[in-house]
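First the structure, in the form of structure tokens, and then the observations on it.
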Amino acid sequence: MKKISILINKEAKNLGLYYGYWNWFIYFKEELNDLGFRVEFHSKISQKYLEADYLFLNSRSFPKSGDYVNLTELEKINNNNNNIYWFDMRDSAGTTQFEVLPFVK
């Protein structure tokens with residue numbers, strides 16, 4: 001069984017503000033299991049989070065360095081597990097996060 005870890009910060013218990021994005025993983029839990037996937041939500045980056053086959057990162061939950069993504073932290077995660085999928089949860093009306101591209105799929 002393949003494991004998907006989803007980082008959604010302190011909202012992990014009830015999926016919080018972005019419930020609509022992550023609800024599908026709960027709604028289709030049985031179908032995902034049938035396809036060989038298990039989904040876990042995490043409130044912080046931990047060893048348990050990193051041990052998944054696929055890491056989903058919520059941009060709003062990821063550590064920042066000023067106004068920018070903390071690339072040092074992202075690089076550490078990438079060195080541990082390079083199956084990182086970045087979910088840009090901002091409105092993206094005027095800024096980009098292209099700096100994450102070397103580290104994510």
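We did not get these values from a lab; they are worked out from the coordinates using the rules stated. Computed from a prediction, not measured in an experiment: that's the story for all the values here. Cβ: placed from backbone, ideal geometry, glycine included. Neighbour counts: every protein chain shown.
Structure above, values below:
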| read-out | value |
| --- | --- |
| Label-point separation, Glu75 to Tyr54 (7 Å along Cα→Cβ), nm | 2.8 |
| Choice from Tyr54, Tyr21, Tyr85 with maximal GNM fluctuation in the chain (Cα, 10 Å cutoff) | Tyr21 |
| CD proxy at 222 nm, helix term only [per DSSP H run n ≥ 4: -39500 (n - 2.57); per residue of the chain; nearest 500] | -7000 deg cm²/dmol |
| Average Cα contact separation per residue, the chain, under 8 Å, 6 or more apart, as relative contact order % | 30 |
| Segment Ile26-Thr96, length gained on full extension (0.36 nm per residue, minus Cα span) | 22.3 nm |
| Nearest-ten-degree value, helix 71-80 long axis tilted from longest Cα axis of the chain | 40 |
| Assigned charges on the beta-carbon of Lys, Arg, Asp, Glu; the chain dipole about Cα centre (debye) | 260 |
| Which label in (1) 43, 27, 21; (2) 76, 25, 21; (3) 40, 29, 21 gives the computed Cα extents along the principal axes in Å | (3) |
